[in-house]
Structure formats: structure tokens, C-alpha cells
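Just so it is clear, none of the values below were taken in a lab; they were calculated from the coordinates. Note that the coordinates shown come from a computational prediction; the quantities given were computed from them, not determined experimentally. Please note: Cβ atoms are built from the backbone with ideal geometry, for glycine as well, and neighbour counts cover all protein chains shown.
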Amino acid sequence: MSTTTPRPVGTAGGSTSRRRRRGPRTWLAALPLLVFTGLCFGIPLGAMAFGAVTRTDPAGGATQLTGEHLARSLQGPYLGSLVGSVQLSALTATVGGVLGVVIAQSVVTSRSTALRSAALTASGVLANFGGVPLAFAFIATAGISGVLTQLGDLTSLGWNLYSFTGLTVVYLYFLIPLMVLVIAPALEGLRPQWREAAQNSGATGWQFWRHVGLPVLAPSLLGGFVLLFGTAFAAHATAAALVGGSVPLVTLKIADALSGNVLTGQENVALALGLDMILIAGLVMAVYLPLQRRSARWLR
Amino acid sequence: MAAMTPTATSTPSEAGAPAKTARSRPRPRIWRGAVLALAGAYFLVPLVASFVFTVHVPGQGLTFEAYTELLAAEGFTRSLLLSLGLAAATIALSLLLAVPALVAVRIGSPRLRPVVEVMCMLPLVVPPIALVTGITTVLRWGPEHLSRTPLYQTFIAVQNESFPVVLVLAYTVLALPFVYRSLDAGLRAVDVPTLVEAARSCGASWPYVVVRVLLPNLRASLAGAAFLTLALVLGEFTIASLLGFQPFAVWIVSISGAQARMSVAVSILSLLITWLLLLALSRAGTNPTTTAATTSRKES
């Protein structure tokens, strides 16, 4: 491509000087973005990490390094909230991932393009329908005086929306569409020719999935699971509007410690919990991003 | 494919179709129908039930008060306008930062690409609640350490109750991964270096190239990025509530105690608005995407 450039431009000398000038100029165009993220993302994160590992004496103003906040964030109710969040995220990501794949497969293999585009549009909207409105929709549906609860007398069946199970059902409402969105392109990327080739070579349906389908899909599947896990792990608004404090979740504990009038030292524990969350989410993303790159090789 | 697929599909229509295909054809249909019906029920029931909840008062019958009283409700227009204003500012800021950076990375500085990608993707690793712990820490520096410096005024201005700039900054950070993804996909679909070289060879200036050549080709992904950002800002609860501001989502929660019906009604409306926006934007962006996608596929 670069060899074609000089020819249309009259003189070769002019074009090389222009190309030399283009380097630094384009570099400058990326600068605002890098400066912005450095300032508005880097400084708060730095402040959080700093606050998580230091203690400032309120009287003297002296700051010293301490592991106390991190240690406290891994004890008692705080540890319980971290474990609760991980459990809820793992459960919802597994169930949502499986159901999302099943739905996406039945949408993708359908001949009706109207159904496909409708389902994908709906997934796009529903995946964004987390947070507060979702919590209220479920309170109206399956809360204590919700429509379904009254109709089906769910309370006597042991149903409680404001519990771990209830939260799972609510989270699945935006996690399943998210999985459909993530996995549908991968399922579409399974070319019908591959299946036909396998069938022509005498492979059964199971053999096709075992040796062709799943290996090609594996990175996308794992990546989707990890994305769902991260989303559920970071979710706060839905849980805050729904259960308040009855289910131990780390996001709720942080919000309590930040906004509640608790002991002053709690603020630093909130920072430490934030750091814990980032470490867990970072691990999760460290799995996700390379996987996504691998799956991009097959599916384009 | 043209030779293989039609034979596979035409088999069942023949009168003496082999038993194997006759058995395997209808099974996926039933399975697919059951899956889609169950999924449809799961995703529709909360919506229908919430609507019923808002219009049906037990013992009184049908009433649309929850909707009619909405406009007069204390804080409704103020919080909605605040959210819309924040969304507009966030969209403008994130696109102004991301578009030049991504275009520059495509045409002039490919070595910067991993840096820009990591910078844009990092916010995915950090849950909003962890980011907000850092932001509160930084905001507390204002009164604590900087009260005698000009920076203090900035800290005050950034937290202006009527238009909190700090939220715009935080939302831009949160939106960057989505904006990056959308723009990157759009840029991948068009051959940027060739377009730019062609336009430059014809004597177009750099601003002309960006505004008249690149941006029209990116219309769909710009619309997608704007939509995702809008949805994100309209639904955002965590950061705003913990920093003590009252945009739309925070307002819904604040009225839920006293006016449960109205909070559910607003939740339904916000879903409908999101849906309509998505449809409008996807229609606006259809033509460029489809043409770009088909041409790029032909090339590859």
C-alpha cells in the first residue's frame, strides 16, 4: 500500500516529507485520550490503592503504610460478602451462559431473519436493562405484593425475591441476553459447510460438536462465561434497589461503608474492598481478553 | 456451499425421503420452538406483570394514575433533564477523545494501538463501585489539602449540584470500553489507510478527510457508541447515588418507598424509551454498515 502512495503525488520528495510529518501528528491525536484516562481513571485508582494500604493519623496528619485495612477486608462479614459475591456471580454466569448458548443457537439456526434480528435487538436492549428499573420490574412481578406472587401464591411455595435465589433469577434477566449477544456471532461463524463436511465424512451430530463445534467455540464460550461473571460481580444497582442488605454482597458492603455513618476507619476498608474487587475482576479479564483474541482468529 | 446446502434442504420435500432425514428434520424445530417460547415467557412475564402492577390496584380496578401523575411528580423532569444533559456531555466527550485517537492509531501510529486499547479496556476491569471509592477519596482532597490553592475552585465547580461535571468524567471513563469497541469494529469494516490515501491524493485536507470521508463511513458505529453511552448514563445509579447527586435512576429509587406504582411505571417507560432509541439508531445506521460489511467481506 505504501508503495502506491508516491506515484499519484507528483514529486517523490514531497510525499516522503509528508509521511515523515504524519507520524508525530497522528501521535498527538491520541494524546487527549491517554491524558484523560490517566487523570480521570488513574488518579482515582491510585488514590484508592494508596488509601487501601496506608493509614493517616487524623490528629497529626502522618501517613504510614499498613496492611491492616486489607487484612480486615478479608475477615468476618467482609470476607463473607466477597465470598457471597463470587458465589452469586459464578452461579449466575454458569446458568446464564448455558441458557444463553441454547437460546442463541435456536435463534441462529432459525431460517427466519425477522426472528433473528428481533431476538438480537431484544437482547441488546435487555442486556442493558440492568440496574434500578429491572429491580422494580421484578419487585412488581415477584416481590411480596407482586402480580405473580399474588396470582400463584408463590410465598407459600417458599419463594422469596429478596434472597440469593431471587437475586439469581433477576441477574439472569440481563445476563442471558448478554450471553446471546456475545455468543451469537460465534455460533454464526460455525459455517454450515463444516457441518456438511463432517456429515459427508460420516460423522454423527455428537462427533461434529465434540471435534469441530466445541473446540472452535471454546474460547468464545469461556470468554462469555468470564464476561458474565465480571458483570454479575460488579453489579450493584440491581442488588441495592432490590435486597438492601439481606444478601451479603461486596458491592453493598462498600456502599454501606462509603455512605453510612460508620466508624471513620471503615472508609479505608471500603477502599481495600475495592482493591480486592479489582484484583478478582482483573484476574477474570486476564482470562477473557486473550480468549477473545483467540476466537477472533476463527470467527470473522 | 451453493452446491451442498440446497441438496440438504430439498431432501425432506421429496416424497420418498429417507427415514433418517424425516426423523431428524422436525426434531430441531420442536426443540427450537420450546426454547424460544420459554425464553419469551421468561423475558415477557416481568414486563407484562409490571404493567399490570402499575394499572391495577387491588380492590379499586384499573387506573392510569401512576402514568398521568408522573409529569407532575416532584423531581421527575429535573432528574430526567439532568440525566439527558449528562448523557449528551458524556457522548460528546467520549467521542471527541476516542475518534481522533482511534483514527490516528489506524493511519499513522500503529505502535500506539496496544496502548490505546489497554487504556480503553481497563475500565472494564474496574467495577463502578470501586471507581467511586477512588473518586470520593480524591474529592476529599479538595477541602483537606487544597483549600488554599486555585485547584480548590475546580473541585467545587466540578461538583456543582445543577450539572456535576465529575459525573461526566466518571461516565466517560465507564463508557470508553463500549465506545472503543464500537468504533474499532466500524474502523475495521472500512479500509481506512486506502480511503485516506485516496482522499489525500485528490488534494483533500486532513479535516476534510476526517469529516467528509471517515466519519460518514463510521456513522453506524458512531451511532452505536452514542446509544450505548446514552443507555449507560440514563441507567447509572451507583456513582451518582454514592456521590450524592440525583439523576434519573437515583430519583426512581428515592420515590419507590412512597410511590411504588410510579417507580415501576417509570421503570417500564425507561425500557420503552431505550428500545425506541435503539430501533431509531439502528435504522439510521443500517445503510453504511451493510454496505461496508458486504464490501469488506467480498474483499476477504
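Here are the numbers for this structure:
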| quantity | calculated |
| --- | --- |
| Cβ crowding within 10 Å averaged over residues, with A:247-257, A:185-195 ranked highest first | A:247-257, A:185-195 |
| Average partner coverage of A:235-245, which counts Cβ from other chains inside 10 Å | 4 |
| For B:135-143, mean number of other protein chain Cβ atoms within 10 Å | 5 |
| Two-site label geometry, residue A:90 and residue B:51: point separation in nm, points 7 Å out along Cα→Cβ | 4.0 nm |
| Order of B:43, B:64 under a 10 Å beta carbon neighbour criterion, fewest first | B:64, B:43 |
| Column: log10 I(q)/I(0), Debye, Cα scatterers of region B:161-200, q = 0.22, 0.27, 0.28 Å⁻¹ | -0.73, -0.85, -0.88 |
| Sequence-distant residues sharing a close amide H with residue A:54 (under 5 Å, placed H) | A:66 |
| For region B:220-275 and region B:153-185, distance of Cα centres in Å | 16 Å |
| Inter-chain shielding of B:104-111 (mean C-beta neighbours from other protein chains, 10 Å cut-off) | 5 |
